[in-house]
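**Q** Have a look at this one.
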Amino acid sequence: MSQSPDAIIIGTGVIGTAVAFEMAKAGWKTLSLDRNRQIGHGSTAGSCAIIRMHYSTFDGTAFAWEGYHYWRDWPDYLGLGSDTDLAKFLEVGCLVMKTDANGHLFKHIENSAALDCPFEEWSAERIIEKLPIYSLESYAPAKRSDDPAFGLPNDTQLKGGVYWPKAGYVTDPALSSQNLADAAKLHGAEFRLGVEVSEILSEGGKVRGVRLTGGEEIHAPVVINVAGPGSSIINRMAGVLDDMTIETRPLRQEVVHVPAPEGFDFEADGTIVSDSDIACYCRPEHGNHILVGSEDPPCDTHQWVEDDSDYDRNFSDQWTTQAMRYAQRVPGLKIPNRTRGVVDLYDASTDWIPIYDKSSLDGFYMACGSSGNQYKNAPIAGKLMAALVDYCENGNDHDSVPLQFTLPYIQRGIDVGFYSRKRPINQESSYSVLG
Ligand SMILES: Cc1cc2nc3c(=O)[nH]c(=O)nc-3n(C[C@H](O)[C@H](O)[C@H](O)COP(=O)(O)OP(=O)(O)OC[C@H]3O[C@@H](n4cnc5c(N)ncnc54)[C@H](O)[C@@H]3O)c2cc1C
């Protein structure tokens, strides 16, 4: 085990392992650290792992459309042996309902069209043909379950949506991190699990390494914070919060698993649906279940958490509210007494757009603020971080002359300053998990 790596990566989630893979391929001797004993068992394991392309910003759409190609080409991208157990990408498509809340998808359509990302406009009839268990009565705006108007339709109907056929989901997100780590190891990357970073070491304005709980020091000229919902604690340890306009905070989330109504095979014939009329998104889940997440409507109180390793992992009223909101759309849905699903944390940023950046401490970088929507972008975020570290460590000042980066598959240039920790808050964002 090397104790003098070129770069320490804190976190072995899907983004952390993608950074390790891309840096190791570029010749860096990386050491990844995680307090968990299994790779990918932070918030990545709780992810819905939906790979979609529609975002409210052009840059967000370009990044996600690029990101899709790595999942499509997963075995080739990794280069692992043919006998390796790989995470699977199921291309089931994603339907997004047109609503007032999303501007009837005008911006999303414009962004996808400009990027040659395939999409189809669907009428109400086409939606019901695909999802015969659906009712298209409108319930907007979403309400709390104690609101007397909860569950009452507003006498209008949804008129249609947009379908992105290339979207899908990954069946086992923790396994996808393990795949990335195994691929990184082929290029010399090292991993230490069950170790907690308790201090970021620095000297003369330059990072020097980390101290682990228990006192052990590991020295390296580059340290990258990919600690997911623990990112703000690590940034505080490094003393780099002062020049950041964008902050990150752990936000508690509940995801509901319910059986599909009898007589409809949602697993085989369903699709991903984003439905801001009822403030829910859903996707097919193993065992003909439907997994239902929240689109964070303004009426719901955000459940902020102070410490990413200490929060309530039990289901609350949120579970029932979300299941009932989804039952508005699927009248035949049976909500079981036994609650099943996931309780986990987003690493939410101020404008729900991630930070991929350097910091005020030389050699200390961050890939954080993934805001519940960056699983899909992990491989391209890994490539971008490898390029950013290389750019800065070669003496360039990314703050004043931001790195320009070409997305390899779609051959589009992006200004990496878009993801700066010092950016003005992005007013085009949806300020929700939708990014
Ligand atoms: C419920 C839920 C649903 C989601 N659904 C989607 C989706 O459908 N599509 C999508 O694109 N994105 C989705 N996301 C977001 C996506 O899952 C995350 O953006 C992504 O998994 C984050 O990966 P990561 O590597 O940055 O962090 P993580 O997977 O959280 O990994 C961070 C690691 O850092 C470690 N760590 C933290 N602090 C320390 C320390 N001090 N010392 C050592 N180790 C430390 C942790 O143990 C953890 O393993 C969802 C997230 C959640 C919570």
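The values are calculated or read from the model by the stated rules, or taken from the named source; none is laboratory data. Just so it is clear, the structure is predicted and the values come from calculations on it, not from any experiment. So basically every Cβ, Gly included, is an ideal-geometry build from the backbone, and we count neighbours across all protein chains shown.
**Q** Among the listed residues His69, His41, His54, identify the single one that is in contact (Cβ under 8 Å) with a residue 40 or more places away in the chain and near the ligand (Cβ under 9 Å from one of its atoms). I'd like the intermediate steps shown before the answer.
**A** On the way: His69 fails: near the ligand (Cβ under 9 Å from one of its atoms); His54 fails: near the ligand (Cβ under 9 Å from one of its atoms).
None of the other options fit; the residue is His41.
**Q** Next up: Just a yes or no: is a residue in the stretch 112-132 touching an Asp or Glu at 6+ places or on another chain (Cβ under 6 Å) and not assigned by TED's automatic domain parsing to the domain that holds Ile15?
**A** Step one: of the stretch 112-132, the residues touching an Asp or Glu at 6+ places or on another chain (Cβ under 6 Å) are none.
No, there is no match, as no residue in the stretch 112-132 is touching an Asp or Glu at 6+ places or on another chain (Cβ under 6 Å) and not assigned by TED's automatic domain parsing to the domain that holds Ile15.
Listed here are the residues, each with its yes/no results for (1) within 19 Å of the chain's Cα centre (by Cα); (2) basic (Lys, Arg); (3) over 22 Å from Glu285 (Cα atoms).
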{"position": "Asp312", "(1), (2), (3)": "no, no, yes"}
{"position": "Met324", "(1), (2), (3)": "no, no, no"}
{"position": "Arg340", "(1), (2), (3)": "no, yes, no"}
{"position": "Tyr356", "(1), (2), (3)": "yes, no, yes"}
{"position": "Gly369", "(1), (2), (3)": "yes, no, yes"}
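**Q** Give, as residue ranges, the strands (runs of 3 or more DSSP E) completely inside the stretch 206-297 that count at least 3 residues that are under 24 Å from the mean Cα position of the chain (by Cα), over 17 Å from Ser370 (Cβ atoms) and within 15 Å of the ligand (Cβ to nearest atom). If you could, list the steps in order and put the result at the bottom.
**A** Values: elements: 206-212, 217-219, 222-225, 248-259, 272-275, 280-285, 289-294.
The qualifying strands (runs of 3 or more DSSP E) are 248-259, 272-275, 280-285, 289-294.
**Q** Now, a different point. When only residues in the stretch 17-38 that are of a type in the set (D, E, K, R) and within 7 Å of the ligand (Cβ to nearest atom) count, which is farthest from Ala220 (Cα to Cα)?
**A** In the first step, residues of the stretch 17-38 are kept if they are of a type in the set (D, E, K, R); the result is 22, 25, 29, 34-35, 37.
With the extra rule that they be within 7 Å of the ligand (Cβ to nearest atom), the set shrinks to 34-35.
Numbers: Asp34: 16, Arg35: 19 Å.
Across the stretch 17-38, the extreme among qualifying residues is Arg35.
**Q** Quick check on Gly363: is it at positive phi and more than 23 Å from the chain's Cα centre (by Cα)? Talk me through it step by step, then tell me what you get.
**A** On the way: at positive phi: yes; more than 23 Å from the chain's Cα centre (by Cα): yes.
Yes; evaluated as a whole, the condition is true for this residue.
**Q** Ok, one more. Residues that are of a type in the set (Asp, Glu) and in contact with a helix residue (DSSP H, G or I) (Cβ under 9 Å, 6 or more places away or on another chain): which helices (runs of 4 or more DSSP H) entirely in the stretch 1-101 hold 1 or more of them? Spell out how you get there, then give the answer.
**A** Details: elements: 14-25, 58-72, 74-78.
By residue number, 14-25, 58-72.
**Q** In this structure, does Asp300 turn out to be acidic (Asp, Glu), over 18 Å from Ile200 (Cβ atoms) and within 14 Å of the ligand (Cβ to nearest atom)? Give the steps one after another, and end with the answer.
**A** Values: acidic (Asp, Glu): yes; over 18 Å from Ile200 (Cβ atoms): yes; within 14 Å of the ligand (Cβ to nearest atom): no.
When the stated conditions are applied, Asp300 does not pass them.
**Q** Still on this model: Can you run down the residue pairs with Cβ atoms below 9 Å, 6 or more apart or on separate chains, where the first is in the stretch 159-180 and basic (Lys, Arg) and the partner is more than 14 Å from the ligand (Cβ to nearest atom) and part of a strand (DSSP E or B)?
**A** Short answer, once both residue conditions are applied: Lys159/Ser123.
**Q** Any idea which of Gly293, Gly287, Gly214 is outside the structural domain of Glu190 (by TED's automatic domain parsing) and without any contact (Cβ under 8 Å) to a residue 60 or more places away in the chain?
**A** Numbers: Gly293 fails: without any contact (Cβ under 8 Å) to a residue 60 or more places away in the chain; Gly214 fails: outside the structural domain of Glu190 (by TED's automatic domain parsing).
Only one candidate passes the filter, namely Gly287.
**Q** Also, quick follow-up: Given the options Ala260, Ala279, name the one that is buried (at least 21 other Cβ atoms within 10 Å of the Cβ) and on the phi > 0 side of the Ramachandran plot. Let's see the steps before the verdict.
**A** Working: Ala260 fails: on the phi > 0 side of the Ramachandran plot.
It is Ala279.
**Q** Yes or no: the stretch 301-321 includes at least one residue that is among the basic types (Lys, Arg) and over 22 Å from Thr245 (Cβ atoms). Steps first, answer last, please.
**A** If we filter the stretch 301-321 for residues that are among the basic types (Lys, Arg), which is where we start, we get 313.
With the extra rule that they be over 22 Å from Thr245 (Cβ atoms), the set shrinks to 313.
Looking for residues that are among the basic types (Lys, Arg) and over 22 Å from Thr245 (Cβ atoms), one finds at least one in the stretch 301-321, hence yes.
**Q** Which condition breaks for Arg412 when tested against (1) surrounded by 15 or more Cβ atoms within 10 Å (Cβ to Cβ); (2) out of contact with any strand residue (DSSP E or B) (no Cβ under 8 Å at 6 or more places or on another chain); (3) not hydroxyl-bearing (Ser, Thr, Tyr)?
**A** Among (1) surrounded by 15 or more Cβ atoms within 10 Å (Cβ to Cβ); (2) out of contact with any strand residue (DSSP E or B) (no Cβ under 8 Å at 6 or more places or on another chain); (3) not hydroxyl-bearing (Ser, Thr, Tyr), Arg412 violates only (2).
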